[in-house]
Amino acid sequence: MEDAVRKALMYDFYGPLLTARQRDIYEMYYGQDLSLGEIAEQLRISRQAVWDIVKRAAVVLEEYEQKLGLISKHLTGHKLLAEMETRVADSRRLIAARDTTALILVLEEIEQLIHQIRSEV
């Protein structure tokens, strides 16, 4: 997964767990695409202080993901739902073709995907 997308997902899932200061600076840096210098100037702190806060916030977000795995579960759920959508489309074609034997197999696959979603997500 692209780093920018991962950082955005981590912020979406775990951002509220950061301190207000970390949230503000992380959002300015990644969300508003402001430079370290621009943030430092706005907040009247050093560029190094901004960078330290950004790095620390990123570490904290990564630690939450390692412990809770919400992003991983979210992505797995989306993958399984996409597979299910494919199987539903297959079912429609099989119904139109009146191929009940193949349809039963596809329905069993859908059932397995449902069980997988319940157990993994």
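Condition check ((1) outside the structural domain of ALA20 (by TED's automatic domain parsing); (2) out of contact with any Lys or Arg (no Cβ under 9 Å at 6 or more places or on another chain); (3) aliphatic (A, V, I, L, M)) across all residues:
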| residue | (1), (2), (3) |
| --- | --- |
| GLN48 | no, yes, no |
| LYS55 | no, yes, no |
| LEU94 | yes, yes, yes |
| GLU109 | yes, no, no |
| LEU113 | yes, no, yes |
| GLN116 | yes, yes, no |
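Out of region 28-43, which residues are under 18 Å from LYS7 (Cβ atoms) and either at pLDDT 95 or above or crowded, with 17+ Cβ neighbours inside 10 Å (or both)?
Hits for region 28-43 are MET28, TYR29, TYR30, LEU34, SER35, LEU36, ILE39.
Could you please find all residues in region 44-73 being more than 23 Å from MET1 (Cα to Cα) and either touching a residue at least 40 places away in the same chain (Cβ under 8 Å) or among the hydrophobic types (A, V, I, L, M, F, W, C) (or both)? If you could, list the steps in order and put the result at the bottom.
As a first pass, look at region 44-73 and keep what is more than 23 Å from MET1 (Cα to Cα): 44-53.
The answer is ILE45, ALA49, VAL50, TRP51, ILE53.
The values are calculated or read from the model by the stated rules, or taken from the named source; none is laboratory data. As the structure is a computational prediction, the values presented were derived from the model and not from experiment. Glycine gets a Cβ as well: all are built from the backbone with ideal geometry, and neighbour counts include every protein chain shown.
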